[in-house]
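Structure first, then comments.
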Amino acid sequence: MKISIITVCYNSEKYIRSTIESVLNQTYENIEYIVIDGCSKDGTVAITKEYEPKFNGRMKWISESDKGIYDAMNKGIKMATGDVVGILNSDDFYIENTVIKQVVDTFVQNKETQIVFGDVLFVNPDNLDKTVRYYRSKNFTPKRFRFGFMPAHPTFFTYKTNFDKIGYYKIKYTIAADFELLLRFMLLSKLKYKYIPLVFMKMRTGGISTKSYKSKIILNKEIARACKENGIKTNTFYIYSKYFIKIFEFIFRK
């Protein structure tokens with residue numbers, strides 16, 4: 001089974017080296033790594049070029065303008081030649097070198113499974129050993145989409161053919177296109193999924209959906225919009241009530 005991992009980046013020289021190395025160090029070798037750069041003005045492209053030979057032909061990259069992060073993700077998915085596709089953000093990194101092997105094993109051992117996901121540790125950018133939040137996907141069910149819950153998107157792996165059948169990320173969303181896509185895949189299309197009780201990666205805080213209260217307001221408005229467009233009944237109270245549960249991700253973060 002061939003796995004395509006896609007990293008979207010823009011001016012990511014500060015952290016992208018650890019992202020690339022976490023893919024390069026995976027014990028599973030049948031990996032295609034795709035980097036989609038949005039015309040970075042710093043050293044991101046130079047770092048990408050530096051690592052390209054180390055992948056021995058298993059790395060592809062482009063640097064060109066795009067219509068946002070989700071447009072860039074779509075480009076990467078369309079370039080992918082793997083059976084299964086996953087997204088790795090440019091400031092995240094796999095916590096163990098066996099993560100992809102365990103993802104592959106899960107798909108192979110569960111023939112009807114179309115989606116695999118796990119857990120994420122949000123960490124302090126200046127201290128990677130300091131966990132700020134433990135994002136557990138264990139208790140997720142598709143019924144919880146109406147409350148604004150979703151499995152950890154950075155751990156989401158699915159067959160490429162599902163994008164061709166069900167559709168790609170909708171670029172009209174600025175923050176919640178991942179929520180909307182997972183809703184379509186898991187709730188509307190009812191693709192069978194498997195949760196792996198494993199921390200896939202460490203994710204530095206400060207990303208687009210977590211950097212400010214304004215971002216959270218935009219996120220929740222887009223979650224409501226995604227539910228409405230897909231015929232899922234919800235309301236503002238339901239969506240904001242999720243924070244009463246999410247607080248435990250900060251309290252029990254070890």
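Mind listing whichever residues of the range 105-131 are within 20 Å of GLY206 (Cα to Cα), in a loop (DSSP other than H, G, I, E, B) and either touching a residue at least 40 places away in the same chain (Cβ under 8 Å) or in contact with a Phe, Trp or Tyr (Cβ under 8 Å, 6 or more places away or on another chain) (or both)?
Applying the first criterion (within 20 Å of GLY206 (Cα to Cα)) to the range 105-131 yields 119-131.
Now drop any that are not in a loop (DSSP other than H, G, I, E, B), which leaves 125-126.
The one that is within 20 Å of GLY206 (Cα to Cα), in a loop (DSSP other than H, G, I, E, B) and either touching a residue at least 40 places away in the same chain (Cβ under 8 Å) or in contact with a Phe, Trp or Tyr (Cβ under 8 Å, 6 or more places away or on another chain) (or both): PRO125.
Let's see how each residue does on (1) farther than 26 Å from THR19 by Cβ; (2) modelled with pLDDT of 95 or more:
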residue: ASP126; (1), (2): no, no
residue: THR131; (1), (2): no, no
residue: LYS143; (1), (2): yes, no
residue: PHE147; (1), (2): yes, no
residue: LYS170; (1), (2): no, yes
residue: LEU191; (1), (2): yes, yes
residue: PHE200; (1), (2): no, yes
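Tell me which of these LYS172 doesn't satisfy, since it passes every other one: (1) free of Cβ contacts under 8 Å to residues at least 12 places away in the same chain; (2) in a strand (DSSP E or B).
Going through (1) free of Cβ contacts under 8 Å to residues at least 12 places away in the same chain; (2) in a strand (DSSP E or B) one by one, LYS172 breaks only (2).
Name every residue in the range 128-157 that is of a type in the set (A, V, I, L, M, F, W, C) and more than 14 Å from VAL116 (Cα to Cα), in order of residue number. Spell out the reasoning first.
Of the range 128-157, the ones of a type in the set (A, V, I, L, M, F, W, C) are 128, 132, 140, 145, 147, 149-150, 152, 156-157.
Within the range 128-157, LEU128, VAL132, PHE145, PHE147, PHE149 meet the criteria.
Residue by residue through the range 11-29, note down the ones that are closer than 19 Å to ASP126 by Cβ and either of a type in the set (Gly, Ala, Ser) or crowded, with 21+ Cβ neighbours inside 10 Å (or both).
Those that are closer than 19 Å to ASP126 by Cβ and either of a type in the set (Gly, Ala, Ser) or crowded, with 21+ Cβ neighbours inside 10 Å (or both): SER12, ILE16, SER18, THR19, SER22.
Pairs under 9 Å by beta carbon, first residue on the phi > 0 side of the Ramachandran plot in the range 42-69, partner modelled with pLDDT of 95 or more and assigned to a helix (DSSP H, G or I), six or more apart or different chains?
Taking only residues 6 or more apart or on different chains, the pairs are GLY68/ALA177.
From the list GLU21, GLU13, which one is more than 30 Å from TYR195 (Cβ to Cβ), modelled with pLDDT of 95 or more and acidic (Asp, Glu)?
Details: GLU21 fails: more than 30 Å from TYR195 (Cβ to Cβ).
That would be GLU13, the only listed residue that is more than 30 Å from TYR195 (Cβ to Cβ), modelled with pLDDT of 95 or more and acidic (Asp, Glu).
Counting just the residues of the range 132-150 that are under 12 Å from PHE122 (Cβ atoms) and either aromatic (Phe, Trp, Tyr) or part of a strand (DSSP E or B) (or both), which one comes out nearest to the chain's Cα centre (by Cα)? I'd like the intermediate steps shown before the answer.
Filtering the range 132-150 down to residues under 12 Å from PHE122 (Cβ atoms) leaves 132-136.
Next, from what is left, pick out any that are either aromatic (Phe, Trp, Tyr) or part of a strand (DSSP E or B) (or both): 132-135.
Numbers: VAL132: 18, ARG133: 16, TYR134: 15, TYR135: 13 Å.
Result: TYR135.
Here is a list: GLN102, GLN26. Which entry is assigned to a loop (DSSP other than H, G, I, E, B) and of a type in the set (S, T, N, Q)?
GLN26
Would you point out the residue of the range 12-23, among those that are more than 18 Å from THR98 (Cβ to Cβ) and in a helix (DSSP H, G or I), that is nearest to the chain's Cα centre (by Cα)? Show your work before the answer.
Let us first name the residues in the range 12-23 that are more than 18 Å from THR98 (Cβ to Cβ), namely 12-17.
Subsequent filtering for residues that are in a helix (DSSP H, G or I) retains 16-17.
Values: ILE16: 15, ARG17: 18 Å.
Looking at residues that are more than 18 Å from THR98 (Cβ to Cβ) and in a helix (DSSP H, G or I), I get ILE16.
For the range 34-81: of the residues being in a strand (DSSP E or B) and within 15 Å of the chain's Cα centre (by Cα), which is surrounded by the most Cβ atoms within 10 Å (Cβ to Cβ)? Full working, then the answer.
The initial filter retains those residues of the range 34-81 that are in a strand (DSSP E or B), namely 34-37, 59-63.
If we keep only those that are within 15 Å of the chain's Cα centre (by Cα) as well, we get 34-36.
On the way: ILE34: 24, VAL35: 30, ILE36: 25.
Checked the range 34-81; the qualifying residue surrounded by the most Cβ atoms within 10 Å (Cβ to Cβ) is VAL35.
The values are calculated or read from the model by the stated rules, or taken from the named source; none is laboratory data. As the structure is a computational prediction, the values presented were derived from the model and not from experiment. Positions of Cβ are generated from backbone atoms using ideal geometry, with glycine treated the same way; all protein chains shown enter the neighbour counts.
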